[in-house]
Amino acid sequence: MMSAAACFLLFSGLVAVLGPPVLRRLTHGGLAPWLGVLAWTAAIAGVVLSWAMAALLVVSDLLRYRTLPGGSMIGACLARLQETVGGADTAFEMVGVAVAAAVVSATAWIGGRLAAGLVRLRMRTHGHARRARLIGRRVSGVDAVVIDNAERVAYCAAGRPHAVVITTAALAALDDRQVQAVLAHERAHLAGHHAQILAVLRVLAAALPGVTLFAAGAMEVARLLEMCADDCAARVHGSRTLLTGLIALCAPAQVPDGALGAGTSPSWTGPHD
């Protein structure tokens, strides 16, 4: 079991170190962006699961030593420790408790930060979606909540129900076809659960800032998800209409935390499928 745990840790280390430059090179062009999203998320999930499996195997080996002292690699190590310390029980308590405490503490800390971050982000996005529906209004021909604001902004906020928001300044800057293309872009974000995917990646990157794969993955997946939404909107409304609409919304604007806004990330370079 310990050799398997070592293999899991070695695999996760290699992916965490070598993965970002390789994945950037493969996904930078944006060809088939969903495949790029899948590649990044698979690498990140592989690292996290490898850590979890390694921890599980270590704990299992400790439990196995408890019932069958000679049947595990840890048992051999503890047998040597027994000669120095004096007593298998003492050796097990010293090493076993220390290892188990370290594994449980690390797992609980990472899991706690991830859960707390996701809860906070969910509360913010749901709260903003609720407030947008309260202060906004419906306009004939616009399938979104319209808010009076001098900034040209269109974005979506996950909630119950979700909210697609566009400002009066954005409506004034776009023609009807562009409005529909931009709103289709935002609805594609909601249909693909892009906000939830990014929330997990960003919270994981914040919880473990020293792991380059997580930070790079959050940034690259955000860019690729914008391309995915672009493709969905362009297939229905045309690439030129979407492009001109997004360019009109490229002025700097404040998008709520956790929301995904059209025009705030100049990712669109044409259809990617």
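The values are calculated or read from the model by the stated rules, or taken from the named source; none is laboratory data. Keep in mind that what you see is a predicted model, and the values were worked out from it rather than measured. Reconstructed Cβ throughout: ideal geometry from the backbone, glycine too, with neighbour counts over all protein chains shown.
Annotations
- Within the range 208-223, if we keep just the residues that are more than 12 Å from the chain's Cα centre (by Cα) and aliphatic (A, V, I, L, M), the residue that is modelled with the highest pLDDT turns out to be Val211.
Rundown of residues vs (1) at pLDDT 90 or above; (2) within 18 Å of the chain's Cα centre (by Cα); (3) crowded, with 17+ Cβ neighbours inside 10 Å; (4) under 21 Å from Ala234 (Cα atoms), yes/no style:
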{"position": "Arg120", "(1), (2), (3), (4)": "no, yes, no, no"}
{"position": "Thr125", "(1), (2), (3), (4)": "no, yes, yes, no"}
{"position": "Gly141", "(1), (2), (3), (4)": "no, no, no, yes"}
{"position": "Ala154", "(1), (2), (3), (4)": "yes, no, yes, yes"}
{"position": "Val179", "(1), (2), (3), (4)": "yes, no, yes, yes"}
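- Identification of strands (runs of 3 or more DSSP E) wholly contained in the range 103-195 with 1 or more residues that are among the basic types (Lys, Arg) yields 137-139.
- Condition met for Gly75 (crowded, with 19+ Cβ neighbours inside 10 Å and either assigned to a helix (DSSP H, G or I) or at pLDDT below 65 (or both)): yes
- Test for Val164: is it touching a Phe, Trp or Tyr at 6+ places or on another chain (Cβ under 7 Å) and crowded, with 20+ Cβ neighbours inside 10 Å: no
- Residue list for the range 203-222, restricted to those being in a helix (DSSP H, G or I) and in contact (Cβ under 8 Å) with a residue 60 or more places away in the chain: Val203, Leu204, Ala206, Ala207, Thr212, Leu213, Phe214, Ala216, Gly217, Glu220, Val221
- Here Gly245 does not fit the description of being surrounded by fewer than 23 Cβ atoms within 10 Å (Cβ to Cβ) and under 23 Å from Asp175 (Cα atoms).
- Filter result (in contact with a helix residue (DSSP H, G or I) (Cβ under 7 Å, 6 or more places away or on another chain), among the hydrophobic types (A, V, I, L, M, F, W, C) and assigned to a loop (DSSP other than H, G, I, E, B)) within the range 11-38: none
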